[in-house]
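Data first, discussion second: the structure below is written as structure tokens.
The values are calculated or read from the model by the stated rules, or taken from the named source; none is laboratory data. All of these numbers come straight from a predicted model, not from anything done at the bench. Using ideal geometry, Cβ is built from the backbone for each residue, glycine included, and neighbour counts are taken over all protein chains shown.
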Amino acid sequence: MTHNQSALSALIQEVLADPDLAHSDVFRRMLQAGLQDLINAEATARIGAAPHERTPERTTRRNGTRSKTLATPAGEVDLAIPKLREGSFFPSLLSPRRRVDKALYAVIATAWIDGVSTRKVDQLVRALGNDTGISRSTVSRICTEIDETVAQFLTRPLDHTWFPYLFLDATYLDVRVRGRVVSQALVVATGVSGQGRREILGISLGDAETTDFWTSFLRSLRERGLKVASPADPAGVAMVTSDSHAGLKAAVKAILPGAAWQRCRVHFSRNVTQRLGSARSKPVNALISTIFAQTTPEAVTAQYQAVTDSLTGSFPEIAHMLADAEADLTAFAALPREHWQKIWSNNPIERLNREIKRRADVVQIFPDRQSVTRLIGAVLIEQHEEWQYGERRYFSDTSMRKLIHTLTDHHDATRPQLHLTA
């Protein structure tokens, strides 16, 4: 008999011994114990061994637990989700994608009710189990539940830690606004916390990526507690990685003073391809990539100059682009070597954008702006939770300590003691 089974048995014995216990609390505790048993059983099956058990089938080991509060009809129950030394684990009974499915259902249903559904949308509604139609009250109930959860997530305080790295990007979605279908810019911010874990920080929907739009978005992050580095305290955003959109750059400079800006190397490579064409750009981009193969800041600087010089004769336009972009393309080199590959491009957030697009493609045209926030917000909540419950951190404790030393070394020793924790 496992430890969890013994705990459940003890709870049953407690109920039998004291009939005066509050029935509602007993049911909640029994539900909690039962769910915990199922979670532990699934973890045992995943690992190939029970706690403290040695078997030939064991693939990894337990490494503590992570708490998870689950809302149930009997009240909130606190569950312990096992962490693994290798890989990640999230119990299937908690259905990490269920919220997204509800949000997708709500968006499609809204379009169907508002009379803007296409044949494909109608087929999707039926495929989701509604052969006879959808009532407005049902959709309203689902939307209210999701909207409250998404709003709480997107407005949560950000002052629980510091975020040395910030990634910004935008994607475009088709939305029905005042009876017309228009393209809307959805901007997304993700960050890496002082503990080395990734988090979704926020989203915003606007008509275009203007300076005012980006400025308003970044200001909203600061108002929620995003810390900005200062000469006296570097415990704030140390670097922002993005493409070279002029409005975004201006907003970063205005709202996040003290943060370095890293121009995404992948976007720069695309800019080169746009100038030269696909065939001519391949050897040029291959040469530029040697800059990022270096292992020390000094080597990066030297190789950057060598590549620029070698392109001056044959591709003077590209050499000029490199000369102008040197400080922005090599900002990563001032930070720990272990972080370089993950901060010199926007690839991580672009993968997130692909997931957003995958969900949005099902809807095709969003019936209104709120439905965008509803669905995409739900997608981002689920991704955020996967990052939080995943065992592997984005950056290790050791490398985060190196980052702290790197940032503090740039400051005068006479300044007050800094309090940065990884």
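In the set A333, A325, only one residue is outside any loop (DSSP other than H, G, I, E, B) and out of contact with any strand residue (DSSP E or B) (no Cβ under 8 Å at 6 or more places or on another chain); that residue is A333. Taking the range 185-243 as the range and being within 17 Å of the chain's Cα centre (by Cα), outside any loop (DSSP other than H, G, I, E, B) and of a type in the set (S, T, N, Q) as the test, the residues that pass are T190, S204, T241, S242. Among the residues of the range 369-385, is there at least one that is at pLDDT below 90, over 22 Å from V240 (Cα atoms), among the acidic types (D, E) and in the same structural domain as I146 (by TED's automatic domain parsing)? Yes, because at least one residue in the range 369-385 is at pLDDT below 90, over 22 Å from V240 (Cα atoms), among the acidic types (D, E) and in the same structural domain as I146 (by TED's automatic domain parsing). One residue stands out among those in the range 337-355 that are of a type outside the set (A, V, I, L, M) and within 17 Å of E382 (Cα to Cα): the one that is modelled with the lowest pLDDT, which is P348.
Counting only residues that are basic (K, R) and farther than 19 Å from G258 by Cβ, how many does the range 194-233 have? The qualifying residues number 2.
Applying the criterion of being in contact with a strand residue (DSSP E or B) (Cβ under 7 Å, 6 or more places away or on another chain) and touching a residue at least 60 places away in the same chain (Cβ under 8 Å) to the residues of the range 195-225, the residue that is surrounded by the fewest Cβ atoms within 10 Å (Cβ to Cβ) is L205. Residue-level analysis places F163 outside the set of residues that are assigned to a strand (DSSP E or B) and either among the aliphatic types (A, V, I, L, M) or under 21 Å from the mean Cα position of the chain (by Cα) (or both). Among the candidates T273, T296, the residue that is of a type in the set (S, T, Y), surrounded by fewer than 20 Cβ atoms within 10 Å (Cβ to Cβ), within 21 Å of L407 (Cα to Cα) and assigned by TED's automatic domain parsing to the domain that holds R337 is uniquely T296.
Exactly one residue among R374, R359 is of a type outside the set (A, V, I, L, M, F, W, C), in contact (Cβ under 8 Å) with a residue 40 or more places away in the chain, assigned to a helix (DSSP H, G or I) and surrounded by 23 or more Cβ atoms within 10 Å (Cβ to Cβ), and that residue is R374.
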